1. Those residues that are open to solvent by 30 Å² or more (accessible area, probe 1.4 Å), modelled with pLDDT of 95 or more and not charged (D, E, K, R), I need them from region 275-333; list them, please.
2. Does region 341-367 hold any residues that are within 22 Å of Glu535 (Cα to Cα), open to solvent by less than 20 Å² (accessible area, probe 1.4 Å) and not small (Gly, Ala, Ser), and which are they?
3. Only one of Tyr205, Tyr193 is closer than 29 Å to Leu332 by Cβ, open to solvent by less than 60 Å² (accessible area, probe 1.4 Å) and modelled with pLDDT of 90 or more; which?
4. Go through region 561-606 residue by residue and tally those that are in a helix (DSSP H, G or I) and more than 27 Å from Gly444 (Cα to Cα).
5. Restricting to region 537-560, name every residue that is assigned to a loop (DSSP other than H, G, I, E, B) and either at pLDDT below 75 or of a type in the set (Phe, Trp, Tyr) (or both).
6. Is there a residue being out of contact with any Pro (no Cβ under 9 Å at 6 or more places or on another chain) and under 30 Å from Glu606 (Cβ atoms) anywhere in region 545-565?
7. Show me the helices (runs of 4 or more DSSP H) found entirely inside region 379-482 where at least 1 residues are at pLDDT 95 or above, over 30 Å from Val19 (Cβ atoms) and β-branched (Val, Ile, Thr).
8. Only one of (1) without any contact (Cβ under 8 Å) to a residue 12 or more places away in the chain; (2) within 30 Å of Leu505 (Cα to Cα); (3) open to solvent by 10 Å² or more (accessible area, probe 1.4 Å) fails for Ala78. Which number is that?
Amino acid sequence: MIRRLSLSVPLSYLLCSLVFTYPLVLHLTTHVPGEVEGDVPVYIWNLWWMQQALAAGISPLFCDYIFAPHGASLAFHAFVFLKAFIAIPLQWFTTAWTAYNLLILGTFALSGWTMYLLARHLTGDTRAAWLAGLVYAFSPYMLTRGTGHLNYLSGEWMPLYALCLIRLLETRERKWALGGAACLLLTAYCEYYYLIYLTLFTAFYLGWCLLQNRGEILDSSFLMPFALMGGVAAVGFAPILWVLFGTAQSSYIYGGWGAAAKLGADLLAFVTPPPGSLLYGDIGAELYGAFSGGNAVEGTVFAGFAVLGLAATCMLRLRGDLGVRPWLWLTLFFFLLSLGPLLHVGGEFVFGFGPVRFAVPLPYVVVRYLPLIKGARVAARFDIMVALGLAVLAAYGLRYWLQRARWPARRTAAIVLLIGLEYLRVPYPVAPVDIPGAYAEIAGDPGDKVVLEVPLGWRTGWGSTGRSLDRQQLYQIVHGKRLLGGFASRMPEDELQRMAALPGLGVLLALQEELPAPHSPTAARRPFIRAQMRELLEHLPDFVLARLMRDASVRNFLADTSVERQIAQRAPLSSPLRGLVDAVDLGYVFVHPPYSEYPPIRRYLETGLPLVKFYERDGVVGYRIAE
């Protein structure tokens, strides 16, 4: 039975958001969670671009403000459409990064509330349901995504979809079908991956119900509203589906085994607290350098020992309960998928002694052959469904113990406190948004000019052609000019080749490579993974080896290269840099350290372009193109 809604519950989760992200609340207008590097500037830029595009009456799915002069499709970009749309009125009163912070806080609170609604319906216990909301919304998976992946933080509609599906099964009422369709669309317009996860959730849950009661699922009283739910969701997502089906075989969207093999969750990561834990400190810091190819964000899937204990209660004491059993199997199903195609333990995926060496293939291997679904290339992200399942199991487990407790309120408080201490990172990492004053200065130029940022590069979800400056799109929010470089999650190879072939850029890309590459934990881990991969390939049957070696991503990974790097290396070196001015309508050049301190780059730019220096501070040098 669905009870009357109360504001006290969502407000309690909003308070938790402020606590778990402290000290963000003290710096809402000046800082953002995590670092102002990597993907964070792009997620902030997404909010700005949505507002700009709709204000100009153009589609936000194509942007000519990056990858100038050609522009870039954003159909497969990590746009987080829904949140970008919500941020429009927020940006009437504040900056894009402040709107970004408000969205993060709201997402945590809403995630807790929707999980509370699901768990309350399943268990009938408000205390257990509140705990479930805490476990789901503030799990290490979610808190870590809050520092750099707004799209993967956006799981707030997934518990509500599960509730709608369950209620549809119970009541056959169309309102639940329409609610389910709305949740699917809200999820899809935050993150495509999560639509895939909910599709798998639906198939598994209905399959379970089919095994339990065939007539319940095959009855037209359910099939008709269920078809309505799917139909409404498909129509609402049609603009993106049309593009997806049209490019279902495009490798630039799906990638290959080279990326998927190393991005599964490590088995030890589920029981290893992430660095910075209030309760455990940095006890697992060294291991996080090995999890998921050295990617500490993707490698964070810690479940918490108290939550695992409550889930174990369900497995040992409640496995015969018909309400609990499907959630046990669902959690196990998504846990196995999150491990990726090969079992990783402590960063190792080749096991054995002496001449006997082997790897352990896992169910995710099948996912890589399913159309569209294979787009979920980072298996570790399935952990959000593990967190969802564990939250439900934690609620059932807590209810079990409360029914046997002499002082249930004390027991609830103790368990909530323990889970909170396991999950808390104090202080939550935040970083200042510092933008050089030169960008505000050029914002006053009414001309439609292009800005060249050095280091120069074009970054996608697969890698970077050149050395892209992560902050350039954040700076664009201030200056409003088009960028020669930029980031778009998916770009065809020919588009990257066209950008690298612009006049004079081949030499600039080559000069950049003469400086040491910025430190990257994933790059530091790559030689070890490559050695294990070669060892694994030596022990595979010939027919399997032949199939894998047809995958370009596997060949490139073994050769320590990538398509993006090859494009930069093959960029033409003969065309003069001066031609870039007319080719892109270049107006400004900014050179950032350490590239501004490297004489060959400064000399190449200053002799090849008609530059007038107008800014130099903190290592950043700004030039205008002389008229």
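The values are calculated or read from the model by the stated rules, or taken from the named source; none is laboratory data. No experiment lies behind these values; they were computed from the predicted model shown. Cβ coordinates were reconstructed from backbone atoms using ideal geometry, including for glycine residues, and neighbour counts include every protein chain displayed. Note: areas computed on protein heavy atoms with side chains; ligands, DNA, RNA excluded. Shrake-Rupley method; radii C 1.70, N 1.55, O 1.52, S 1.80 Å.
1. Phe305, Leu308, Gly309, Ala312, Met315, Leu316, Leu328, Trp329, Leu332, Phe333
2. Across region 341-367, the qualifying residues are Pro341, His344, Phe349, Val350, Tyr364.
3. Tyr205
4. Residues meeting the conditions: 13.
5. Residues satisfying the conditions are His539, Leu540, Pro541, Asp551, Ala559, Asp560.
6. yes
7. 437-442, 472-479
8. (1)
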